[in-house]
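Everything on this sheet refers to the single structure shown next.
Derivation of every value follows stated rules applied to the coordinates shown; laboratory data play no part. As the structure is a computational prediction, the values presented were derived from the model and not from experiment. A quick note on method: Cβ atoms are made from the backbone with ideal geometry, for glycine too, and the neighbour counts reach across all protein chains shown.
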Amino acid sequence: GLSVYQDRDARQVLDYQLGFKRLGAPDDTGGLLARLGAAALNSTNQPLQGLRIALDPGHMGGKLWDEKTGKFVHTAIGYVSEGVIAFDVCMLLGRELTALGADVMVTRHELGPVTEQPLESYNLIPWGEREIRNSSDVSWFENLLNSAPLGHELFALFDHSAMIKKITSEAQRENYFISRLDLSARAEKINAFRPQLTVVVHFDASELNKTQDATNTVRGYVAGNLMHDEVGSRELRFQAVRNLVDGHRWVESSVFTAAVIKNLSDALHVKMETGPNDYMAIRVADGVYARNLALSRLVTQGVMTYVEVEHYDFTPEFRRLNLNDRHTEIGGTKIDYPARLDDIVDGFKRGILDYVGSMAQRPLARL
């Protein structure tokens, strides 16, 4: 196994530990692959029976949170909130998957955050301190660290550093809440559910509060492609190593993502992203990219895909997403939504079914 100590030389304070399987041992930690393989043999009317599937609608929704996250487009044509359409997709998809036998958990059932901690009064100091630790391999931190010998002078420089004060200031309250605290709450909820499959639903935009006519693609992310400034703390390094040694989850997540992206592309008639690089990501296969996203690090259960469905700021899509021409009721709540979401739900559903069905033919499922 691998043991990492906080006190490297004395080795008295264990930081983290990872165990490797013994030679000849079954290669299916937790029975994940066996469970997926068994589901491939389900009856055709209940093909997802026995599977737990987590759905995470990205961001929040509604005018208040849209203004805080910037995840919306408002023009003379209409208004689209990423948090709202992601939420509607997950609720509609959850109903479809439940009908196919799955046990489904959606991380949020309203347009607000997942965390129950209030924005106005949560303790931001631990999150600021974590941010400082995560910055230890960034140039400003290294310059500060090298500005004086270890001792009182260096400690004083840290105490009076403008960057340290900025990182721990009240000005970061909304940022840490949205991009740290709430993402952590989502991961905790997913891990507690112990799903075999997790689908994170996002939509893309090229412009801030503008429509555009140039780009509309679909793509998904799996863990990987660590950048040079993303392993500053022991916590980040542990998360990176954990993903590296869990090869089956990564391979299966890549296969799962490929199936979902292909079916979304077919259902929406939107091309898959195929370039060699995406923002902070590298291509694994057509439509599949490795990127060191927070949920990719924090979710430790099952197979996961993180999907950017389409560009909601692409003018034809923006128009479609403003046509609330479908009406339904979910959980006792009536909702109006654009028919385009039915196409998206169909693509996700077919991708999930294709992936699960493929487990009966692939060697990994029989380990």
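Assorted remarks:
- Ranking of 261, 330, 132 by neighbouring Cβ atoms within 10 Å, starting from the fewest: 330, 132, 261.
- Put the Cα centre of the range 164-204 next to the Cα centre of the range 46-93 and the gap is 15 Å.
- Proximal aspartates and glutamates relative to residue 63, as straight alpha-carbon distance under 19 Å, when same-chain residues fewer than 8 apart are discounted: 82, 88, 110, 120, 174, 182, 204, 207, 313, 336
- For the range 55-149, the fraction of alpha-carbon pairs in successive 5 Å shells from zero, as %: 2, 11, 14, 13, 13, 12, 11, 9, 7, 4, 2, 1, 0
- Mean residue ellipticity (222 nm) of the chain, computed from DSSP H runs ≥ 4 via -39,500 (n - 2.57), nearest 500: -11500 deg cm²/dmol
- Förster radius 45 Å - calculated FRET efficiency between residue 142 and residue 34 (Cβ-Cβ, nearest 0.05): 0.45
- Computed magnitude of the charge dipole of the range 125-167 (debye, nearest 20; Cβ of K, R +1, Cβ of D, E -1): 140
- Estimated at 0.36 nm per residue, the fully extended path between residue 154 and residue 213 surpasses their Cα-Cα distance by 16.0 nm.
- Beyond 20 Å in Cα-Cα separation lie the following of the pairs 71/271; 68/210; 71/210; 71/189: 71/271; 71/189.
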